[in-house]
1. What number of residues in the stretch 18-58 are part of a loop (DSSP other than H, G, I, E, B), closer than 20 Å to R88 by Cβ and among the aromatic types (F, W, Y)?
2. How do the pairs read when you match residues in the stretch 14-30 that are over 9 Å from A54 (Cα atoms) with residues anywhere that are aliphatic (A, V, I, L, M), using Cβ under 7 Å and keeping only pairs 6 or more apart or on different chains?
3. Quick one: is F7 closer than 17 Å to R130 by Cβ, surrounded by 19 or more Cβ atoms within 10 Å (Cβ to Cβ) and modelled with pLDDT of 95 or more?
4. Which one is farthest from the chain's Cα centre (by Cα), of the residues in the stretch 10-55 that are surrounded by fewer than 17 Cβ atoms within 10 Å (Cβ to Cβ) and of a type in the set (F, W, Y)?
5. Check A75, A109, A63, A70 and return the single one that is modelled with pLDDT of 95 or more, closer than 21 Å to F10 by Cα, part of a helix (DSSP H, G or I) and of a type in the set (A, V, I, L, M).
6. Taking into account only those residues within the stretch 96-110 that are surrounded by 12 or more Cβ atoms within 10 Å (Cβ to Cβ) and small (G, A, S), which is farthest from Q84 (Cα to Cα)?
Amino acid sequence: MPWVELFVLFAVSHLVGDYVLQTDWQATHKRRGLGADAVARRALLSHVTTYTLAFVPALLWIADDLGAGALWVAALVAVPHVLQDDGRLVEWWMAHVKHAQMAAQPVAALALDQTLHIVALLALALVAGR
């Protein structure tokens, strides 16, 4: 399947997973979910699970083209998302590149977060597509 078609499928799946299916509780508590806080970990992992499930229709659609590679695509959707949604990458970028605090510029932090997600999905589409 051409990479651009994959990217469209991934982008729509991303919007469903990150905005339609993510609960307010997950969004509020997922920060630093890769740390020791059990509540944050549960919020992050439950969000990434539902987020990845949002990709199932797209993965079924592309399964004929990718075969077992569709399972790799699922993993390459989930792993970067869990790392990005832990929040430390965005927090570091805001502090060291933008020289701003996330709390002071929540719109910039959200834009950065979504940009990282879209770039990761674009890279995945370029690798998995033709």
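1. If we filter the stretch 18-58 for residues that are part of a loop (DSSP other than H, G, I, E, B), which is where we start, we get 21-23, 30-37, 54-55.
Filter once more, so that each one left must be closer than 20 Å to R88 by Cβ: 22, 30-37.
Remaining after also requiring among the aromatic types (F, W, Y): none.
Residues that pass the stated criteria total 0.
2. These pairs meet every condition: W25/A43; Q26/A43; H29/V39; H29/A40; H29/A43; K30/A40; K30/A43; K30/L44.
3. On the way: closer than 17 Å to R130 by Cβ: yes; surrounded by 19 or more Cβ atoms within 10 Å (Cβ to Cβ): yes; modelled with pLDDT of 95 or more: yes.
When the stated conditions are applied, F7 passes them.
4. Filtering the stretch 10-55 for residues that are surrounded by fewer than 17 Cβ atoms within 10 Å (Cβ to Cβ) and of a type in the set (F, W, Y), the one farthest from the chain's Cα centre (by Cα) comes out as W25.
5. A75
6. It comes out as A100.
The values are calculated or read from the model by the stated rules, or taken from the named source; none is laboratory data. Model, not experiment: these values are computed from the prediction. Counting neighbours? That spans all protein chains shown, and the Cβs are built from the backbone with ideal geometry, glycine included.
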